[in-house]
Amino acid sequence: MSSSQNKTLIEVNNLSKLFRVGKGRTLKAVNDVSFFIREGETLGMVGESGCGKSTVGRTLLRLYEPSGGEVKFEGKDIYKLSASEMKAIRRDMQMIFQDPYASLNPRLTVNDIIGEALDIHNLAKNRAERKARVAELLQLVGLNAEHANRYPHEFSGGQRQRIGIARALAVNPKFIVCDEPISALDVSIQAQVVNLLKELQRKMGLTYLFIAHDLSMVKYISDRVAVMYLGKLVELAESETLYEEPLHPYTRALLSAVPIPDPDSETQKRRIVIKGDLPSAIDPPSGCPFRTRCPLAKEVCAQEMPPLIEHRPGHYAACHFAGEPLPKQEGIVSAG
Amino acid sequence: MKSDNKLRNSSKGQNAQPLLEVEDLHVSFDVRGGEVQAVRGVNMVINKGEVVGIVGESGCGKSVTAQTLMRLIPSPPSRVKKGSIRFAGEDVLKKSEKEMQQLRGGRMGMIFQDPMTSLNPTMTVGRQITENLIRHRNMSMKEAHKRGVEMLNLVGIPLAETRMKQYPHEFSGGMRQRVMIAIALACDPELLIADEPTTALDVTIQAQILEVMKELRSRLNTSIMLITHDLGIVADVCDKVIVMYAGQVAETGTVHEIFTNPKHPYTQGLLESIPRLDDDKSQPLVPIPGTPPDLIKPPTGCAFAARCKYTMDICTRVDPGLFECSSTQSARCWLNHEMAKEVHA
Amino acid sequence: MSNLHLTKNHEEQHAAASTDRHQHLNLKPEDFRKIDTSDLNAEVISRESVSVWRDAMERVISNKLAMICLFILIAITVMSVIGPWLTPYDYQTNDLSSTNQPPSKEHWFGTDELGRDMFERTWMGASISLRVGLFAALIDLVIGIIYGGIMGYFGGRVDEIMNRAAEILYSIPTLLIVILLVVVMQPSLFTIVLAIGITGWVNMAWIVRGQVMQLKNQEYVLASRSLGASASRIIFRHLIPNAMGPIIVTLTLTVPSAIFAEAFLSFLGLGVQSPAASWGTMIEDARSAMKVFPWRIFFPALFISLTMLAFNIFGDALRDAFDPKLKR
């Protein structure tokens, strides 16, 4: 666990990313988001599909050019770097992807997939050194080094995900964006990968941005958690605090929606079910994006976007009525 | 929620009538380099009015079993090698394709994982509901329409009259899955097979669908076979659980038994490897090491032996078969043998 | 309390029943000793290692029809090289004493109106036709892949401009280009190849563009980008190899269409000039006397059809092999 005294590794200020979707319309995937990540910590990022969490991860690594805002890595704004400076800094910032099937080039052997990282940055002097380094990386992630000459499709999902981790580690990064690294894996394999990530963090002092929609896993792995909704950061807090005393009504609904693997669980019975669907990010609601589904919504919510305010030390929420009790739930199935 | 509990208890009662009985089912796929034995001797019983959860990882045979029940599995490459499936006393495997069409959508309803592709995009939602009713229930257009509106209301779709005239693309993912449920339930099926019905949906939408399913369970007396990999969902809605591993039933029991007193190390492993939202995180996750066996050549002995933390000498040699642990619970594990209890006491 | 007792009793009964079931095994307590599973659990991959390439190749090899076609193509290619050496004649020597001979021991495929040996001329034609096909494929491959790869990868404005240029080129009829070229240059093999090549690659470029656009959002490409890979590395190491299936299929269809285009142009008199022969010129020569001396048109027509059919069937087989989803 990182202590809060650790220095800031990444600072994100007012980051926005728009996508043009034709007919002159734009999709606000990320809308004026600010946060920071301390060295050695894991910041979890949760939200439902289309909330912009993956876009944040990709824009953070400059895989997408931002539409506005800045990202400072160790104090340097990465969007102002030249191509060669950017290439150098890419060694420090890596990514692990969601789909263990799509994230490895099917035409290359594992040796070449991991070796590519070494080639690009000239980290191996000759073939023998490259091979030795790949073997070392495979062992680091718990894979059999003898399988280096095999192709990705011969491995299981969990094994492929570990190959992806080995590739990211090949350049000795400081920071890794984990973009839903376990959501495509089977339950029994998820814990393997999560434990591996935790172990690597401890050994190598890594900093993670852990993006996921599985709230229980995010709670388990993260020091702090950020909740996104429709391109906006709506709540950010220490993970225990967020799960025990969520302030934003969306966070509360999200937490209560997770089915708990215990048939006798009492929290299960008191589930908060929010009505309706996610609005379109092309034409988001005015004011607070959550107001169309929010049980607390009042007039002011439609007029003003509530700013992200630090309600308690380290606990931020963007809601006009943060922490207010939710009204009693009525059945969502129409009564008959 | 009281009625909910009552229902769970009643289904455990003695006079439960079996609706679906699967006996010693073996299904294989022909692939390059051999035969994948996807289902290897599955037995299961679903009683009337019961909600049975089938859990297991990808490749454990849960979806293949369900698809075989409805005879929806393409053959070749798959073939049923052995076993019988009895639905309301009739042998499903002996039916002609025409008789199966009567059964599917009529007495057997189904919901699939992907609500985006399981509706026909060129037909209005109303037509997709009424078509089934006209075919299976011999209803007139008018009756069918009335019933369709009723069903959409039942699954919580507002403005049902208007919605009947709309096309699937005008519905969101969660709404489409509700439509799928409405279609599946319109003909009052005796059995509803739901294959990962909420996996493609977001948690808040999943919560809505689960509420719909729970509500419907208490209102209609439909048996539900719910296939999922999410233990939370099972705990939430099921009466009985079947845990599958490597094409076999690893353990079966009531929800309570499976979650509080699992008798198979795989079930225990699954429960230990998922973090719980209501736990504090100091408890480390215990992953199950390794990967499931390749079913081109399934291991002799227990399929889980290579990943188990209690593996004994016998496990690698002889398949344990199911040990009955109570009248409702049984587990495919040698640890339940008397001698194992003595040796490890 | 009594309830608990009951279950326990129950459990014992069941345990007893299952013990009976295993009676025949003669189980002893040592069978239940705990064993070390670390070797069982080594995550060894047991299936044989197969690359995507080899997998596709094996699929093609197991396709009998495709293999027959491949054999025909190889046979025609071999004959185009050694065929002329098998008879004492050569393709351009006239022998006015034996014109329009039917196939015989001396002239296996007969002779034409100038007494030239048809067997010689058929294989001479084969070598010209195959060369046209080969060069057209080569131009396709080089220009099409680079042009299409750049269009697809960079997208946006670059794609728009390059695509427009390709469209303009594509909209000019090939025949018009050939006629213009023939007017400017002499009608020859080179002119024909140039004419076919100028417009032919556009199709390949579009195929590559489509593939690249689809593949460039794959996560392995993002992974490579996040490692700092250059555009050329991504295009040539990640994108093109993964688009190889459709590229090869397009190539196998380019070859016969180029051969056909050559035959067609030669037929119009815009192709290779006498005394050189291609299948197209031979058909044109034989056309007027078709009813009287049918063998003169039979052999070139047979081989041109056979070649095109073989290429088409083989191309289909390759497509199936590279995209097994189409066919189980």
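The values are calculated or read from the model by the stated rules, or taken from the named source; none is laboratory data. This is a predicted model, so every value here is computed, not measured. Reconstructed Cβ throughout: ideal geometry from the backbone, glycine too, with neighbour counts over all protein chains shown. Accessible surface areas use protein heavy atoms only, side chains included; no ligands, DNA or RNA. Shrake-Rupley method; radii C 1.70, N 1.55, O 1.52, S 1.80 Å.
Computed over chain A, the per-residue total of -39500 (n - 2.57) for DSSP H runs of n ≥ 4 gives a 222 nm mean residue ellipticity of -8500 deg cm²/dmol, rounded to 500.
Taking only protein heavy atoms and a 1.4 Å probe, the accessible area of chain C is 65% carbon and sulfur. Solvent-accessible area assigned to carbon and sulfur over chain B amounts to 51 percent, based on a 1.4 Å probe. Based on Cα atoms of chain A, Rg over Rh with Rh as the Kirkwood radius reads 0.99. Of all DSSP beta bridges in the protein assembly as shown, what percent run antiparallel (nearest 5)? If I count the DSSP bridges inside the protein assembly as shown, around 60 percent turn out antiparallel.
For region A:106-171, with all protein chains in place and a probe radius of 1.4 Å, 45% of the accessible heavy-atom surface sits on carbon or sulfur. Its relative contact order, with pairs defined as Cα atoms under 8 Å and 6+ residues apart, puts region A:106-171 at 48 percent. Counting only Cα atoms, region C:81-164 measures 68, 23, 17 Å along its principal axes, largest extent leading.
Over all projection directions, the Cα-based convex hull of region A:1-117 averages an area of 9.8 nm². Take the accessible area of A alone and of C alone, subtract that of the pair with a 1.4 Å probe, and the total buried over both chains is about 2900 Å². Do any residues of region A:121-166 lose at least 40 Å² of accessible area when the full set of protein chains is present rather than just their chain alone, and if so which, with a 1.4 Å probe? Relative to the lone chain, where solvent access is computed with a 1.4 Å probe, region A:121-166 loses at least 40 Å² at A:147, A:150, A:151, A:154, A:159.
Of C:35, A:176, the order by accessible heavy-atom surface (1.4 Å probe, DNA, RNA and ligands excluded), from most exposed downward, is C:35, A:176. Remark: spin-label model distance residue C:159-residue B:327 equals 6.7 nm, labels positioned 7 Å along the Cα→Cβ axis. Counted without the sites themselves, the longest stretch of chain A free of GluC sites (Glu not before Pro) in a DSSP loop having at most 10 other beta carbon atoms within 10 Å is A:1-265.
If you plug the beta carbon distance of residue C:168 and residue C:142 into 1/(1 + (r/R0)^6) with R0 = 25 Å, you get a FRET efficiency near 0.75. On the beta carbon distance between residue C:302 and residue B:95, with R0 = 51 Å, the FRET formula returns roughly 0.40.
Simple spin-label estimate for residue B:114 and residue C:292 gives 6.7 nm between the two label positions (7 Å along the Cα-to-Cβ direction from each Cα).
The mean sequence distance of close C-alpha pairs (under 8 Å, at least 6 residues apart), as a share of the length of chain B, puts its relative contact order at 19 percent. With Cα atoms as the point set, the radius of gyration and Dmax of region A:106-171 evaluate to 10.6, 32 Å. Considering all C-alpha pairs of chain C, those separated by over 36 Å amount to 44%. The angle separating the long axis of helix C:294-322 from the principal Cα axis of greatest extent in chain C is about 20 degrees. With one equal scatterer per alpha carbon and no solvent term, the Debye-computed log10 I(q)/I(0) for chain B at 0.10 1/Å reads -0.64. Chain pair A, B: how much accessible area is buried, both chains summed, with a 1.4 Å probe, in Å² to 100? About 4200 Å² of accessible surface is lost on pairing. Between B:293, B:262, B:158, the Gaussian network model of chain B with springs among Cα atoms under 10 angstrom shows the greatest mean-square fluctuation at B:158. Most simply put, chain A has about 60% antiparallel DSSP beta bridges, counting only bridges with both residues inside it. Convex hull of alpha carbon positions in region B:108-188: directionally averaged projected area 4.7 nm².
With 10 Å² as the minimum drop in accessible area between chain alone and full protein complex (1.4 Å probe), the qualifying residues in region B:126-160 are B:153, B:154, B:156.
What shape does region A:205-268 take by its C-alpha gyration tensor, where a ≥ b ≥ c are the square roots of the eigenvalues and a/c under 1.5 counts as rounded, a/b above b/c as prolate, and the rest as oblate? Oblate. Could you work out which residue, out of C:278, C:97, C:80, moves most in a Gaussian network model of chain C, that is, has the largest mean-square fluctuation with Cα springs under 10 Å? Maximum fluctuation in the GNM of chain C, among the listed residues, is at C:97.
Distance distribution P(r), the protein assembly as shown, all Cα-Cα pairs, bin width 20 angstrom from 0: 11, 34, 34, 16, 5, 0, 0 percent.
With every protein chain in place and a 1.4 angstrom probe, the accessible-area ranking of A:87, C:216, largest first, reads A:87, C:216. Here the sum of -39500 (n - 2.57) over DSSP H runs of 4 or more residues, divided by the residues of chain B, equals -10000 deg cm²/dmol at 222 nm, to the nearest 500. Compared with the alpha-carbon gap, the fully stretched path from residue C:35 to residue C:190 is longer by 48.2 nm at 0.36 nm per residue. With contacts taken as Cα pairs under 8 Å at a separation of at least 6 residues, region B:157-242 carries a relative contact order of 31 percent. Summed over qualifying helices (DSSP H, 4 residues or more, each -39500 (n - 2.57)) and divided by its residue number, chain C shows a 222 nm mean residue ellipticity of -21500 deg cm²/dmol.
For region B:181-217, accessible area lost to neighbouring protein chains reaches 40 Å² or more, against the chain alone with a 1.4 Å probe, at B:202, B:203, B:204, B:207, B:208, B:211. The residues of the protein assembly as shown have, on average, 44 Å² of accessible surface per residue, using a 1.4 Å probe with all protein chains present. Note on residue A:127 and residue A:82: with the Förster distance fixed at 22 Å, the Cβ-Cβ geometry gives a FRET efficiency of about 0.10. Chains C and B together bury roughly 2700 Å² of accessible surface, counting both sides and using a 1.4 Å probe on protein heavy atoms.
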